[in-house]
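Reading through the structure tokens given below for one structure.
The values are calculated or read from the model by the stated rules, or taken from the named source; none is laboratory data. From a predicted model like this one, the values you see are computed outputs, not experimental measurements. FYI the Cβ positions are ideal-geometry reconstructions off the backbone, even for glycines, and counts take in every protein chain you see. Accessible surface is based on the protein model in full, side chains and every heavy atom, while ligands, DNA and RNA are left aside. Shrake-Rupley method; radii C 1.70, N 1.55, O 1.52, S 1.80 Å.
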Amino acid sequence: MAEETLVRPLPQAAARPAQRNRWGERALQINAFFAYFFLYAPIAILVIFSFSNSSFAGVWGGFTFDWYIRLFQNARLMEALRNSVYVALISTTLATMIGTLVALGMERFRFKGRTSLDAVLYLPIVIPDIVMAVMLLLFFSTALQLINGMFGTAMRMNLTTVIIAHVAFNISFVAVVVRASLKSFDWRMEEAAQDLGANEWATFRRITLPLILPGIVGGALLGFTLSLDDYVIAAFTTGPGFSTLPIEVFSRVRRSITPEINAISTIMLLASVLLVVASQIFQSRQHR
Amino acid sequence: MARTIAVELASVTKRFGDVTAVDNTSLQLYDGEFFSLLGPSGCGKTTILRMLAGFEYPTSGSITIHGREMGHTPPYKRPVNTVFQSYALFPHMTVEQNVAFGLEMKNAPKAEIKTRVVEALEMVRLGEYGNRRPRQLSGGQQQRVALARALVNQPEVLLLDEPLAALDEKLRKEMQLELKGLQERLGITFLFVTHDQEEALTMSDRIGVMNRGHILQVGNPIEIYERPTSRFVADFIGETNFVSGTVCELHGNIAAINTAAGQTLRGLAQQGVQVGQPVTISIRPEKVFLTPISNGTPPTPPSKHMNAMPVQVERINYIGSDTRIIVRLHDGNTFDVWESNTRSTLDRDEYWQPGEAALLSWPEENALVLTE
């Protein structure tokens, strides 16, 4: 009895505004449907056709794992994958170390020119990739020309220049993520540690680093993903014979879209999603 | 008994840019005493604590702990530990790991760390909470972990930066007693920074009252309350009434003062008070008597050593243990009088009524003549 009287007024109260906004609500639902459809339909098609037993990328010929198997037997693609992972690992490690130190310095100290440095730090994030790529290409060719001229060497652009380029833009991303996590860091923790006898290094290792580690790992994972996914900058800064995975895929697409490309794209998609999710999880862990 | 000096500040000044936080201050703390630095926020008390901890270095002057010059010694090389206002417990460590941290930094043997951590947690009655994380504890428990984490290192001086400010009233009172008991048992010198005068009076052996970067007065709680040497101290500690006037006569340590309203009042003169000097008399509201005047004829003061003046009762605030009465003097100023409710009665006629005429009186030694 008591339950009924409690429940009854609610639907009546809720019914009226719902009626009035029915068309608005319907329009919103349709909008949401299309937004998600445009976002995810191509992805779904890509994934589905990577399992299609047909040598034409857009034709369904029954289910198969063949393209994935072929993929792993394809020496060129595998080498490109190895190159990509190699570039991503090294550039991420370097960018994470430098970016973390930059973030710590910017958050901890108040110094002259900090505001302008702050603004400049974010520049690589907003500069279009193509501009960044042209800049770096120009930089490397000039620098290499200069070095080769001075020392009589014959150095050319290769994966090392790609790594340097990736470090250059990843520092900004790592620094931004680490700084965000430092905003919630209580600097009195450092005073407390020093008060208890920890010197600067012990304080960093035992207190500061563990407390901001989720932010650092989050930044590193984001940097790793960006490096793995980058086509434009890698294409401009690598030399002949050194392909990363996106470069290799793009060169194949120019000839024809094969289901093999679908398969490799699906794997890259999966890796990216996993890395971004992991990055988010690590960043949110700090605030628990 | 000659007491050894634990901490000495000699002519210490600390400036932050244009702001002078501590101005040419000297102070000595004795071994094993509970010393409170008391003052309003921004008076420099926390800066003194932070200079002792090593988080700030003095602009000039010297700080020694048991005779050793601290100078620019970093915090981790000083024989002091701090209990922070916000506790600053390490959130990624358990209670046990928090308490063990200081001993680990000193490379104490593992077995010793273990027993001392257990002892320290027992001492603050948190023996069963060793495996918890700080965030799983209540404010009072976190406070006790912070205390154990500092005391386990057996510091020569324990610095406490308003550690009870975040606790609720009842818990704060409990912690005051617990802290005092702990300090007496361990015999460690405590430097306690607070803006709460009651807290300072309850716990301290000695109190230093600070204002605007200066220590105005140092003394035990009774001296600080009963014999403030300045208007600021009289006003900041407890409550008081001020009457200003000019010294007209001096008899030993009793001064007679002419007030603006043309009355002559007597009080205990501070050293250095001179005839003709403008002064302030401070009279605590609980140190005066209020007697009814019947039939409009003012009674004579009980003795010639009493100050007396007719007043009118204006407002009565009954607060349980006391009744606080605001009376109006003939010159128009108000005066606070506190009467202890020593008798229990519901009879309204036993209490003061607004508009009643009364005689306000006090023994001359209950009033203090202050120069500032």
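If you count only protein heavy atoms with a 1.4 Å probe, what accessible area per residue comes out for the stretch A:186-263, rounded to a whole Å²?
Details: 3000 Å² over 78 residues.
It amounts to 38 Å² per residue over the stretch A:186-263.
Multiplying the sequence separation of B:GLU122 and B:ASN107 by 0.36 nm and subtracting their Cα-Cα distance, what value in nm do you get? Intermediate results must be reported in sequence, preceding the final value.
Numbers: separation 15, 0.36 × 15 = 5.40 nm, distance 2.24 nm.
Full-extension gain reported as 3.2 nm.
Where is the GNM fluctuation largest for chain B (alpha-carbon springs, 10 angstrom cutoff): B:VAL124, B:VAL157, B:VAL218?
B:VAL124
Quote the FRET efficiency, to the nearest 0.05, computed for A:GLU79 versus A:LEU46 with a Förster distance R0 of 25 Å and r equal to the Cβ-Cβ distance.
Details: r = 23 Å, r/R0 = 0.93.
Rounded to the nearest 0.05, the efficiency is 0.60.
Leaving out same-chain residues fewer than 8 places away, which lysines sit with a Cα under 29 Å from that of B:LYS173?
B:LYS45, B:LYS287
Could you give the angle, 0 to 90 degrees to the nearest 10, between helix B:169-186's Cα long axis and the longest principal axis of the Cα atoms of chain B?
On a 0 to 90 degree scale, this one is about 60.
Across the stretch B:7-17, in residue order, what do the Karplus-derived ³J(HN,Hα) couplings come to in whole Hz, using 6.51 cos²θ - 1.76 cosθ + 1.60 with θ = phi - 60° and x for Gly and Pro?
Rounded to whole hertz, the list is 10, 9, 9, 10, 6, 7, 10, 10, 10, 10, x.
Taking 7 Å along the Cα-to-C-beta vector as the label spot, tell me the A:ASP118-A:ASN53 distance in nanometres, rounded to one decimal.
Those two pseudo-labels are separated by 6.2 nm.
Quick one: if you stick a label point 7 Å off each Cα along the C-beta vector at B:ALA357 and A:ARG255, how many nm between them?
If labels sit at B:ALA357 and A:ARG255, their model points lie 11.9 nm apart.
Rounded to the nearest 0.05, what FRET efficiency do B:VAL19 and B:ARG315 give with R0 = 51 Å and r taken as the Cβ-Cβ distance? Could you check? Can you show the working numbers first?
Numbers: r = 41 Å, r/R0 = 0.81.
The value I calculate is 0.80.
Which helices, counted as full DSSP H runs in chain A, have an axial Cα extent of no less than 15 Å and a Kyte-Doolittle average of 1.0 or above? The partial results should precede the final answer.
Details: long enough: A:9-20 (18 Å, -0.82); A:22-49 (38 Å, 1.13); A:75-108 (49 Å, 0.84); A:129-151 (32 Å, 1.81); A:159-183 (35 Å, 1.64); A:209-229 (29 Å, 1.65); A:245-255 (16 Å, 0.01); A:259-285 (39 Å, 1.18).
Within chain A the helices that satisfy the rule are A:22-49, A:129-151, A:159-183, A:209-229, A:259-285.
When the label point is put 7 Å from the Cα of A:ARG108 along its Cα-to-beta-carbon vector, which residues of the stretch A:177-192 have a backbone N closer than 15 Å?
Flagged as within label range: A:179, A:182-183, A:185-192.
Given a Förster radius of 25 Å and the C-beta distance between A:ILE281 and A:ASP186 as r, what FRET efficiency does 1/(1 + (r/R0)^6) yield to the nearest 0.05?
On the way: r = 22 Å, r/R0 = 0.89.
The pair A:ILE281/A:ASP186 has a calculated efficiency of 0.65.
Pull up the cross-link candidates among the lysines for B:LYS106, meaning alpha carbon to alpha carbon under 18 Å and not fewer than 8 places away within one chain.
Those lysines meeting the cut-off are B:LYS77, B:LYS114.
Quick one: dipole size for chain A, taken about the Cα centre, charges +1 on Lys/Arg Cβ and -1 on Asp/Glu Cβ, in debye to the nearest 20. Don't jump to the answer; show the numbers that get you there.
Numbers: 23 positive and 17 negative charges, 78 e Å.
Charge dipole, chain A, about its Cα centre: 380 debye, nearest 20.
So for A:LYS112, B:LYS110, what's the accessible-area order with a 1.4 Å probe, most first? It would help to have the intermediate numbers written out before the result.
On the way: A:LYS112 200, B:LYS110 180 Å².
Listed by decreasing accessible area, they come as A:LYS112, B:LYS110.
Could you please put B:SER60, B:SER204 in sequence from largest to smallest accessible area, using a 1.4 Å probe? Write down the numbers at each step before the final one.
Working: B:SER60 55, B:SER204 10 Å².
In descending accessible area the options line up as B:SER60, B:SER204.
Just reorder A:TRP201, B:TRP338 by solvent-accessible area, largest first, 1.4 Å probe, all chains present. Show your work: numbers first, answer last.
On the way: A:TRP201 165, B:TRP338 45 Å².
Heavy-atom accessible area, descending, gives A:TRP201, B:TRP338.
State the answer as a single residue: which of B:SER294, B:LEU164, B:MET210 lies farthest towards the positive end of the charge dipole of chain B, with beta carbon charges of +1 for Lys and Arg and -1 for Asp and Glu, about the Cα centre.
B:LEU164
Taking H as built 1.01 Å from N, whose amide H comes closer than 5 Å to the amide H of B:VAL279, not counting residues under 5 places away?
For B:VAL279, whose amide H was placed from the backbone, the distant partners under 5 Å are B:GLY245, B:THR246, B:VAL247.
Quantify how much of the Cα-Cα distance distribution of the protein assembly as shown extends past 51 Å, in percent.
43
How far apart, in nm, are two points set 7 Å out from the Cα along the Cα-to-Cβ line at B:LEU177 and at B:LEU250?
4.7
Using Cα springs under 10 Å in a Gaussian network model of chain A, which residue among A:GLY152, A:GLY61, A:GLY218 shows the largest mean-square fluctuation?
A:GLY152
Got a sec? Charge dipole of chain B, +1 on Cβ for Lys and Arg, -1 for Asp and Glu; which of B:ASN220, B:ASN341, B:ALA146 is way out at the positive end?
B:ALA146
Check the straight Cα-Cα distances from B:LYS170 and name the lysines below 19 Å, setting aside those fewer than 8 residues away within the same chain.
The reachable lysines, counting only those whose Cα sits under 19 Å from B:LYS170, are B:LYS180.
With θ set to phi - 60°, apply the Karplus curve 6.51 cos²θ - 1.76 cosθ + 1.60 along the stretch B:52-66 and write out the HN-Hα couplings as whole Hz, x wherever there is a Gly or Pro.
Computed from phi, the couplings for the stretch B:52-66 are 5, 6, x, 7, 10, 10, x, 5, 8, x, 10, 10, 10, 10, 6 Hz.
Work out the length of the dipole vector of the protein assembly as shown about its Cα centre, built from +1 on the beta-carbon of each Lys and Arg and -1 on the beta-carbon of each Asp and Glu, and round it to the nearest 20 debye. Working shown, then result.
Values: 59 positive and 60 negative charges, 559 e Å.
Dipole magnitude for the protein assembly as shown comes out near 2680 debye.
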